[in-house]
Amino acid sequence: MLDRKQFLSLAGLLPLAAAGGAQAAGPSGLEDFCTLFYRQKQVRAAFERYVAVDYIQHSNGMAQGREAAIAVLEPMFTRPQFTAIPVSTIGQGDISIVMLDVRVGPDIRAAVMDIFRWQDGLIQEHWDLKQELTADQAVSYFDHLRP
């Protein structure tokens, strides 16, 4: 099992973490965005406050723009069995990374990294990486990634 430093090094993220630790400040709205979007599941409020209208989405199958993202994400986030728990955040300059423990009911769990590029205080661009976890992996997968 990799510890946090080894993981960040292999992922090419160690320079970002070294700049400010696991909870590096990054863009000023990152923590509030995480609270509104992931923790409180207020998709529209988070996106209207922190996402540019001409938001660029790099996820497969998703349309471009803020309203298109809201249209896809609101139904997902309103499902009671869906959770996306921020485990750690890393930020440097205009880039921030949110590491998530995503669960869809009791049987589906994944590690997700949302990567955002900020411009003028708003999220302008998004990429994500996903890895589905087996039940055995999920037991301790995030232990060394928490700050």
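The values are calculated or read from the model by the stated rules, or taken from the named source; none is laboratory data. It should be emphasised that the depicted structure is a prediction, and the values quoted were computed from it without experimental measurement. Because the Cβ atoms are built from the backbone with ideal geometry, glycine has one as well, and the counts that use them run over all protein chains shown.
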Taking region 57-73 and keeping only residues that are in a loop (DSSP other than H, G, I, E, B) and either over 15 Å from the mean Cα position of the chain (by Cα) or under 14 Å from Gln124 (Cβ atoms) (or both), one is left with His58, Asn60, Gly61, Met62, Ala63, Gln64, Gly65
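Out of curiosity, is Gly121 at pLDDT below 90, out of contact with any Ser or Thr (no Cβ under 6 Å at 6 or more places or on another chain) and not basic (Lys, Arg)? Walk me through how you get there before you give the answer.
Details: at pLDDT below 90: no; out of contact with any Ser or Thr (no Cβ under 6 Å at 6 or more places or on another chain): yes; not basic (Lys, Arg): yes.
Judged against the criteria, Gly121 is not a match.
Assess whether Ala22 counts as being modelled with pLDDT under 50, among the small types (Gly, Ala, Ser) and closer than 28 Å to Tyr141 by Cα.
Considered against the rule, which asks whether it is modelled with pLDDT under 50, among the small types (Gly, Ala, Ser) and closer than 28 Å to Tyr141 by Cα, Ala22 comes out as yes.
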Q: Please verify whether region 49-56 includes one or more residues that are among the acidic types (Asp, Glu), assigned to a strand (DSSP E or B), over 28 Å from Tyr141 (Cα atoms) and at pLDDT 95 or above.
A: yes
**Q.** Residue in region 75-82 that is surrounded by 12 or more Cβ atoms within 10 Å (Cβ to Cβ), modelled with pLDDT under 95 and not hydrophobic (A, V, I, L, M, F, W, C) present
**A.** no
Going through region 54-73 in order, the residues found to be free of Cβ contacts under 8 Å to residues at least 60 places away in the same chain, closer than 23 Å to Gln131 by Cβ and either aromatic (Phe, Trp, Tyr) or in contact with a strand residue (DSSP E or B) (Cβ under 8 Å, 6 or more places away or on another chain) (or both) are Ala69
All conditions in (1) surrounded by fewer than 16 Cβ atoms within 10 Å (Cβ to Cβ); (2) over 23 Å from Glu48 (Cβ atoms) are true of Met99 except (1)
Over region 115-137, the set of residues closer than 21 Å to Pro80 by Cα and surrounded by 16 or more Cβ atoms within 10 Å (Cβ to Cβ) is Leu133
query = So is Pro147 in a loop (DSSP other than H, G, I, E, B) and either at pLDDT 90 or above or closer than 29 Å to Arg49 by Cα (or both) or not?
reply = yes
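Examine region 91-109 for a residue that is farther than 25 Å from Leu145 by Cβ and of a type in the set (S, T, N, Q), and state whether such a residue exists.
no
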